[in-house]
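Contents: one structure, followed by commentary.
The values are calculated or read from the model by the stated rules, or taken from the named source; none is laboratory data. Small disclaimer: the values here were computed from a predicted structure and weren't measured. Positions of Cβ are generated from backbone atoms using ideal geometry, with glycine treated the same way; all protein chains shown enter the neighbour counts. Keep in mind that these areas ignore ligands, DNA and RNA; they rest on the heavy atoms of the full protein, side chains included. Shrake-Rupley method; radii C 1.70, N 1.55, O 1.52, S 1.80 Å.
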Amino acid sequence: TRVSALAVLVRALVEVCRAHPILNSTFDAEAREVVLKGEYHVGIAMDTERGLLVPVVRDADRKGIVTVAREMQELADAARAGRATPDQLTGGTITVTNYGTFGSWAGTPIINHPEAAILGVGAVRPRPMVVDGRVEARPEAILALSFDHRVIDGADADRAMSDLRATLESPFRLGALP
């Protein structure tokens, strides 16, 4: 199974949601309360001939990176072929959108209602970075988190993004994922 950077990002995001459960929530307007989700169903926004679809990797917290990658590919194939079922396209608790597919480096993702947050990822490109006092080309992607301010405040979102960055930058943290 080919493991894409997006599959790694999805699995890392689930761990960040565990540490910051407010990301994996929804706002119940009628009850005027935040509902924390106990399951981690990650929607993957994708372009198809039928328009934008969001297949859902269910229970992503119980799956390793390779399994997530395989399921993402199966869901993408089904969505693009027009075979995705309603169950495969609903029930997400947080979404990832990869506008980097089209070469865009940055973007502003729009929340997939009723979720409280969506993570956007731009194209992974080599960028000059200072490493141990030397400039080296390293892969970099810009991540953007959009969130419902009725649920999440900026400081909480920033802490979550800091943890996501740390997880993605550490092969030891990623290697410890199931």
*Kindly indicate whether any position in region 119-139 is under 27 Å from residue 33 (Cβ atoms), surrounded by 13 or more Cβ atoms within 10 Å (Cβ to Cβ) and touching a Leu at 6+ places or on another chain (Cβ under 6 Å).*
yes
*If the Cβ limit is 6 Å and pairs must be 6+ apart or interchain, which residue in region 136-151 that is closer than 15 Å to residue 118 by Cβ and part of a strand (DSSP E or B) pairs with which residue that is open to solvent by 40 Å² or more (accessible area, probe 1.4 Å) and among the β-branched types (Val, Ile, Thr)?*
146/111
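Report, by residue number, each residue of region 1-26 that is farther than 23 Å from residue 124 by Cα and in contact with a strand residue (DSSP E or B) (Cβ under 6 Å, 6 or more places away or on another chain).
21, 23, 24, 25, 26
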*asked:* Can you tell me how many residues within region 66-91 are open to solvent by 30 Å² or more (accessible area, probe 1.4 Å) and not acidic (Asp, Glu)?
replied: 14
*Take the residues of region 47-103 that are closer than 28 Å to residue 174 by Cβ and polar (S, T, N, Q): which is modelled with the lowest pLDDT?*
101
*Considering each of 36, 53 in turn, give the residue that is on the phi < 0 side of the Ramachandran plot and touching a Pro at 6+ places or on another chain (Cβ under 7 Å).*
36
